[in-house]
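The block underneath contains the structure these notes are about, expressed in structure tokens.
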Amino acid sequence: MASFKVAVVTAYLTYPVFFNLNGITYSTLFSAIAVNWKGRSWRRSKRKSGLCRRISILGLCGTLYLILWGSTLYYNSYVTTKDGEVVKLRDAVQNFFKSPAWAETKQTFKDLYAFYQIHGFGRIWEQIVESMDPQGESNARRVLGLTDSATQEEITSACRKLSRQWHPDKQKDHKAKKKAQEKFIEIRKSCDVLSDISIKRSERNKSRSPTKDRTEF
């Protein structure tokens, strides 16, 4: 370990002496000699830091690194909509927090917390999976404008009504026909999803229902 003080003092003392003879070169040379002679000492070996401390430091550095990258992306990235419009990412994020999607997300977290208070951690995972709508049932009902308590007759009626309303053949304008076609496909997919779920639930209920043995005399 070298002493910075010895190098600075030697440089200041020798520079005026060799001012007319390229003083910077000579003062640097004598500083190096002085450090090698009097300003060098052995560094004491330090005890290695614990695993938790090293992990904490590594985590802090990684967090700062991610924050820097996140800030760069947040202020310099753009999002392109389906209409080809370019929107700044920071504006898109702010609009998302004002959108109904964010309101639904907050309501989902509130419902999960209320479920946790009643049932505890034991069944919270089942509720999380259900809130994620893995089968697409909630989204399908939303597309059809139905509630969770809608009956099979109401689902069938909504499918027929919306399919007739958004059938592409009813539209003559090209843009309107394209929009109707996309909506019609979304409606048909939602109807298929609900139909498959209904069939699977019906089969599952039949398999779980107890059978009674009958004896004829």
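Below is a table of values for the structure above.
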| read-out | value |
| --- | --- |
| Added length on full extension, which subtracts the Cα-Cα distance from 0.36 nm per residue, E130 to Q94 | 10.2 nm |
| Global geometry of the stretch 80-217, whether rounded, prolate or oblate, following the gyration tensor of its Cα atoms and the 1.5 cut on a/c | oblate |
| Anisotropy class of the stretch 64-106 from Cα gyration tensor, a/c 1.5 cut | oblate |
| Unsatisfied cross-links (Cα-Cα over 29 Å) in the set K88/K179; K88/K189; K106/K183; K106/K177; K106/K206; K98/K200 | K88/K189; K106/K177; K106/K206; K98/K200 |
| Net +/- balance of residues flanking A180 in space, Cβ distance below 11 Å, scoring K and R +1, D and E -1 | +3 |
| Average accessible area per residue (Å²) across the stretch 94-201 - probe 1.4 Å, nucleic acids and ligands excluded | 77 Å² |
| Selection of chymotrypsin sites (Phe, Trp or Tyr not before Pro), the stretch 89-150, meeting DSSP coil and at most 13 other Cβ within 10 Å | none |
| Label zone at K200 (point 7 Å along Cα-to-Cβ), backbone N below 18 Å, the stretch 112-133 | 126-133 |
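The values are calculated or read from the model by the stated rules, or taken from the named source; none is laboratory data. Since the model is a prediction, treat every value here as computed from it, not as a measurement. Note: ideal-geometry Cβ built from the backbone for every residue, glycine included; neighbour counts use all protein chains shown. Accessible surface areas use protein heavy atoms only, side chains included; no ligands, DNA or RNA. Shrake-Rupley method; radii C 1.70, N 1.55, O 1.52, S 1.80 Å.
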